[in-house]
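J.: Got a structure here, written out as structure tokens. Questions coming.
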Amino acid sequence: MSDIIYGKNSFIETLRSDRIKEALVTKDCQYIKDLEKKNIKYKIVDKKKLDILSKNGNHQGCLAYTKEYKLATVKSMMKKEKGLIVLLDGLKDPHNLGAIIRTCECAGVNYIIIPRNRSVSVNSTVYKTSSGALSNIKIVEVVNLNNTIKKLKDLGYWIYGSDAKGKDYRKIDYTGKTCLVIGSEGHGLKQIVSNSCDEIVSLPMKGKINSLNASVAAGIFIYEIMKYK
């Protein structure tokens, strides 16, 4: 999928991954020489032009039209022998998806799985929120989450679903192949997905609010699991 990205972090990571088709930059943009070295077509424009294209986003003087983002395949994912796979059960907010992608890339997660339907897809908001991390992580779209979970189980993955009523996440041994399932904002895991998990894990809640933002919860779980990898 081709899209518009803007802002220094997103721009430089997209530049490094050779996914820029064409760039629009202000005359004082620090990446002009880098664009020239890579023979990437660019235009010098004024700030107002970038304000319009980025819908007044924080473009920081650089915007790019990207090459199509290539999703990873289920087949390539199934070849992984260790580490962590994160499966997202119907996230709707692109900011949450972008934040989770950023956390996964920083923590060294192997793959992120998202459903093809009834879920946010990869777009410019996701790319911007991920601060360019999208260029360095593999995302797989699947039609059926349950079938994917079954395939992962056949490969020896232990599936942990995150929900309010589960075992304390700190009392789990995450050694071995691990898949973490994060539910959607406000609704959590679908019942059919929850039933497919090997174990439900929870974050202890001591305040009056009984849940965390999906991306915040994902970050806590991910870094705990990665202690075992």
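The values are calculated or read from the model by the stated rules, or taken from the named source; none is laboratory data. The structure displayed is predicted, hence computed values, not measured ones. We place every Cβ from the backbone using ideal geometry, glycine too, and count neighbours over all the protein chains shown. The area values use the complete protein model at the heavy-atom level, side chains included, leaving out ligands, DNA and RNA. Shrake-Rupley method; radii C 1.70, N 1.55, O 1.52, S 1.80 Å.
J.: Name the long-range amide H neighbours of Val142: under 5 Å, sequence gap of 5 or more, or other chain; modelled H, no Pro or chain starts.
T.: Long-range HN contacts for Val142: Ile114, Arg116.
J.: Order the following by accessible area, largest value first: Ser211, Ser202. Probe radius 1.4 Å; ligands, DNA and RNA are ignored.
T.: Ser211, Ser202
J.: Farthest toward the dipole's positive end in the stretch 139-226, which of Thr178, Ile225, Val201, given Cβ charges of +1 (Lys, Arg) and -1 (Asp, Glu) about the Cα centre?
T.: Val201
J.: Given H placed 1.01 Å from N in the peptide plane, which residues other than close sequence neighbours of Ala164 have an amide H under 5 Å from its amide H?
T.: none
J.: With θ set to phi - 60°, apply the Karplus curve 6.51 cos²θ - 1.76 cosθ + 1.60 along the stretch 105-119 and write out the HN-Hα couplings as whole Hz, x wherever there is a Gly or Pro.
T.: 5, 5, 7, x, 5, 6, 9, 10, 10, 10, x, 6, 10, 6, 7
J.: Using the crude model of +1 on Lys and Arg Cβ and -1 on Asp and Glu Cβ, and no other charge, please compute the dipole size for the stretch 73-140 relative to its Cα centre, in debye to 20.
T.: About 200 debye.
J.: Students often forget the sequence filter, so: which aspartates and glutamates lie under 17 Å Cα-Cα from Lys167 once same-chain residues fewer than 8 apart are removed?
T.: Cross-link targets: Asp198, Glu199, Glu224.
J.: Need one word for the stretch 34-97: rounded, prolate or oblate. Basis is the Cα gyration tensor (sqrt eigenvalues a ≥ b ≥ c); a/c below 1.5 gives rounded, then a/b vs b/c decides.
T.: The shape class here is oblate.
J.: Something else now. I'd like the accessible area for Ser121: 1.4 Å probe, protein heavy atoms, all chains in place, Å² to the nearest 10.
T.: Solvent-accessible area, nearest 10 Å²: 50 Å².
J.: Still on this structure: For the stretch 15-88, with the dipole built from +1 on Lys and Arg beta-carbon atoms and -1 on Asp and Glu ones, taken about the Cα centre, which of Asn58, Cys29, Met78 lies farthest toward the positive end?
T.: Met78
J.: Excluding same-chain residues fewer than 8 positions from Lys153, which lysines have a Cα within less than 17 Å of its Cα?
T.: Counting by Cα, and skipping residues close in sequence, Lys153 has these lysines nearby: Lys75, Lys79, Lys80, Lys82, Lys177.
J.: Rounded to the nearest 5, what % of DSSP beta bridges with both residues in the chain are antiparallel?
T.: Just about 25 percent of them are antiparallel.
J.: Pop out the ³J(HN,Hα) list for the stretch 96-104 in order, Karplus 6.51 cos²θ - 1.76 cosθ + 1.60 with θ = phi - 60°, rounded to Hz; leave Gly and Pro as x.
T.: Karplus values, whole Hz, x for Gly and Pro: 5, 4, x, 5, 5, 4, 4, 4, 4.
J.: What number, rounded to the nearest 500 deg cm²/dmol, is the helix-based mean residue ellipticity at 222 nm of the chain, given -39500 (n - 2.57) per DSSP H run of at least four residues and division by all its residues?
T.: Values: 9 runs with 74 residues, N = 229.
-9000 deg cm²/dmol, from helical runs alone.
J.: Further question: If the cut-off is a Cα-Cα distance under 22 Å, which lysines reach Lys43, setting aside same-chain residues fewer than 8 apart in sequence?
T.: Lys8, Lys21, Lys27, Lys33, Lys55, Lys67, Lys128
J.: About the Cα centre, and with charges only on the beta carbon of Lys, Arg (+1) and Asp, Glu (-1), how big is the dipole of the chain? Nearest 20 debye, please.
T.: With only Lys, Arg, Asp and Glu charged at Cβ, the dipole is about 300 debye.
J.: Can you send over the carbon and sulfur percentage of the accessible area for the stretch 121-229, probe radius 1.4 Å, protein chains only? Please list the in-between numbers first.
T.: Details: 2790 of 5550 Å².
With neighbouring chains kept in place, the figure for the stretch 121-229 is 50 percent.
J.: Using DSSP, restrict attention to beta bridges with both residues in the stretch 1-79 and report what percent are antiparallel, rounded to the nearest 5.
T.: Of the beta bridges lying entirely in the stretch 1-79, close to 65 percent run antiparallel.
J.: Report for the stretch 133-229 the percent antiparallel among DSSP-assigned beta bridges with both residues inside it, nearest 5.
T.: 10 percent
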